[in-house]
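Working notes for the structure below.
The values are calculated or read from the model by the stated rules, or taken from the named source; none is laboratory data. Remember, predicted model here, so these are calculated numbers, not experimental data. Using ideal geometry, Cβ is built from the backbone for each residue, glycine included, and neighbour counts are taken over all protein chains shown.
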Amino acid sequence: MDVVKAVETYVTKLVSTPSSMKVLLLDTHTTPIVSLATTQSTLLSHQVYLTDRIDNKNREKMPHMKCICFLQNHEDSLEALEYELREPKYGEYYLYFSNVLAKSAIERLAHADEFEVVREVQEYFADYAPISPSLFSLNHMPSSSKPLYGSTYNSWDPKALDLAMQGITAVLLSLKKKPVIRYEKMSPMAKKLGIEIQHRMNSESSLFDFRLTQVPPLLLILDRRNDPVTPLLSQWTYQAMVHELIGIHNGRVDLKSVPDIRPEVAEITLNTTSDPFFEKNHLATFGDLGSSLKDYVQDYQSRSQAHSPSSINSIADMKRFVEEYPEFRKLGGNVSKHVALVGELSRLVGRDKLLEIGEVEQGLATSAGADFKSVQDIVTDMNIRPWSKLRIVMLYALRYQKTQTANIATLINLLLVNGISREDAKLVYVLLNIAGTDQRQDDLFSTESLLAKGRSALKGLKGVENVYTQHRPQLSQTLENLFKGRLRDTSYPFLEGAGVNAGLQRPQDVIIFMIGGTTYEEARTVTLFNQDPVAASNGGIVNPAGIRLLLGGTCVHNSTSYVDMLRSAAANFPPSVYDPPPESATNAPILNLNLGGVNVSLGGPAGTGVYRSSSEGVGVQADGIRDGVMNLLGKVKQGVDRIAIP
């Protein structure tokens, strides 16, 4: 189940015909899909000499060229294509659409084709972004203009529902899978999406007429609201760190704002298919990354000596130099790219005090817990960015929502006097109301039962890579239960029609879709389960059944995009989403007030202002929480700051 190969196969097929000089026209949706699945050199090898956008009306007329259009069946793209066909700029047109094309759309295009330049119309189901072989995104970043939710956090925006249904069915068709469907019971949105996908499979039965397997594949639909912790955490593996601190958008990273950045690395590409160093290290922890980069640079330095003028002493040496030089230049560019990128990560970690913050975050996100004072110290530290303060309070509120209400109220009051606006502070309440304890079906922190606490402690004894990667996403526990055949029907029911014995069958192919966006930490979890389920589960899985996993989501979040999604969604919800949850303490500030433009923070019966309280019952971090911190940063500095590239 390799989505990169699936989309790459489609792209190769559509640019192979006709075998003459061609133009490739794309739209805003298909441009990133093609860029993730192929390269410019591959397109050139198929005689594609020009790539442009269908909505660019300033293109020159080239009647001697053939034109391939790969478009989404969206109204904007159809209108642009109609305009193109009425005034064709090329001799022939070959039309390919990324999903099922309605009969009415075909009739519209036939009516617009007055010059009879269209030679072919086909559907190629590449309606999703293949980020890596086991990760895809629908590239729907929820916002006020493109909402995910309807009027409540349990309902879909109709357009978002249709987009999700179309995207997932395209994944299924491209991989030739007709799955049974399970969904997270706590999520009405997951059930609704499952029903829509099942309806599409039934209504388009001829498209889904694949060879039957003994055990059908499984589509497991999850909801981001059941694990709000993972997207809020600082990340400590290469790919996830880049996305969290800088941002990865369709395989591209913008470094223009980095101090003293060289022009050739101001904008770079990052993908596992064409970058061998990134493929090998994209899951590596920050400390190991520094050592790997140092080795990579030293390898480049040794090769550069072999290509120096003094080493060319014969015709054979000249021939070898000419043959190897293009690859050598490519290596040099890749080394420069990763040195610049890791150097910027190292700078941001130091500037934003992420090592100190990361310790506390990991304590909050795992069974270890974190004491109130350590969170309080971060909030009151003037050298820490307001954004990090807000995240740490959100994590504390999620962790201690039912047990430390007075401390949560105190921290929110502290936010208000330490650089956080009222608009941002009330997002703590939004998060608790949308994804708090009462909205989730799973115990994220292993705090509810003695059995859960024991299981969590046992896992901790089996070893952790370092203090910054203790957290395991809730998806990890879900996958472990799936591999063991213990994913309960009561928590993850099947849609009707799955069959009476569906729960007893062990699927070989599992596609997981996360409504509300997935993360690179979860993608790493899926990759590790695909590679070695026993190691990925810390020995929890004894007899892996050879299950293949594929993860997808509405988008791929970092902490900023996740909180922005909550912010834009809450604007369409009832005003009560900004109110303190029912269990909140009396000193919880009421933030949903604005009198004549004046921000007001009311502390309830206890009055206004900042309140302090003890942190009884809060778990203390385990001994050795700082083990490896200096070594972690030291490795990176050795591997980056002190490397000199000739």
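Below, the figures for the structure above:
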| read-out | value |
| --- | --- |
| Filtered residue count, region 423-443, keeping only those that are of a type outside the set (S, T, N, Q), farther than 22 Å from A370 by Cα and crowded, with 18+ Cβ neighbours inside 10 Å | 4 |
| Candidate set: region 501-545, residues that are touching a Cys at 6+ places or on another chain (Cβ under 9 Å) and among the small types (G, A, S); chosen: the one surrounded by the most Cβ atoms within 10 Å (Cβ to Cβ) | G516 |
| Selection within region 532-586 - part of a loop (DSSP other than H, G, I, E, B) and of a type in the set (D, E, K, R) | D532, D579, E583 |
| Yes/no for K89 being farther than 15 Å from L71 by Cα and free of Cβ contacts under 8 Å to residues at least 24 places away in the same chain | no |
| Failed condition for E196, given (1) farther than 30 Å from L175 by Cβ; (2) in a helix (DSSP H, G or I) | (1) |
| Extreme residue, surrounded by the most Cβ atoms within 10 Å (Cβ to Cβ), among residues of region 304-356 that are modelled with pLDDT under 75 and of a type in the set (S, T, Y) | S304 |
| Verdict on S257 being modelled with pLDDT under 95 and surrounded by 15 or more Cβ atoms within 10 Å (Cβ to Cβ) | no |
| Residue within region 557-578 that is surrounded by fewer than 18 Cβ atoms within 10 Å (Cβ to Cβ), touching a residue at least 40 places away in the same chain (Cβ under 8 Å), out of contact with any Ser or Thr (no Cβ under 9 Å at 6 or more places or on another chain) and over 29 Å from Q404 (Cβ atoms) present | no |
| Residue that is touching a helix residue (DSSP H, G or I) at 6+ places or on another chain (Cβ under 8 Å) and at pLDDT 95 or above, where the choices are L364, L390, L444, L416 | L390 |
| Search result, residues across region 269-303 that are modelled with pLDDT of 90 or more, among the β-branched types (V, I, T) and either part of a loop (DSSP other than H, G, I, E, B) or over 27 Å from the mean Cα position of the chain (by Cα) (or both) | none |
| Pair list, Cβ under 8 Å, 6 or more apart: region 120-149 residue within 26 Å of S559 (Cβ to Cβ), other residue among the basic types (K, R) and part of a loop (DSSP other than H, G, I, E, B) | H140/K146 |
| Segments classed as helices (runs of 4 or more DSSP H), wholly inside region 29-103, with at least 2 members that are touching a Lys or Arg at 6+ places or on another chain (Cβ under 9 Å) and closer than 20 Å to Y124 by Cβ | 30-37, 75-86 |
| Positions within region 241-268 being part of a loop (DSSP other than H, G, I, E, B) and either of a type in the set (A, V, I, L, M) or closer than 21 Å to N281 by Cβ (or both), in sequence order | I246, G247, I248, N250, G251, L255, V258, I261, A266 |
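Matching residues to (1) surrounded by 18 or more Cβ atoms within 10 Å (Cβ to Cβ); (2) in contact with a strand residue (DSSP E or B) (Cβ under 7 Å, 6 or more places away or on another chain):
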{"position": "A126", "(1), (2)": "yes, no"}
{"position": "P130", "(1), (2)": "yes, yes"}
{"position": "P142", "(1), (2)": "yes, no"}
{"position": "T152", "(1), (2)": "no, no"}
{"position": "S155", "(1), (2)": "no, yes"}
{"position": "D162", "(1), (2)": "no, no"}
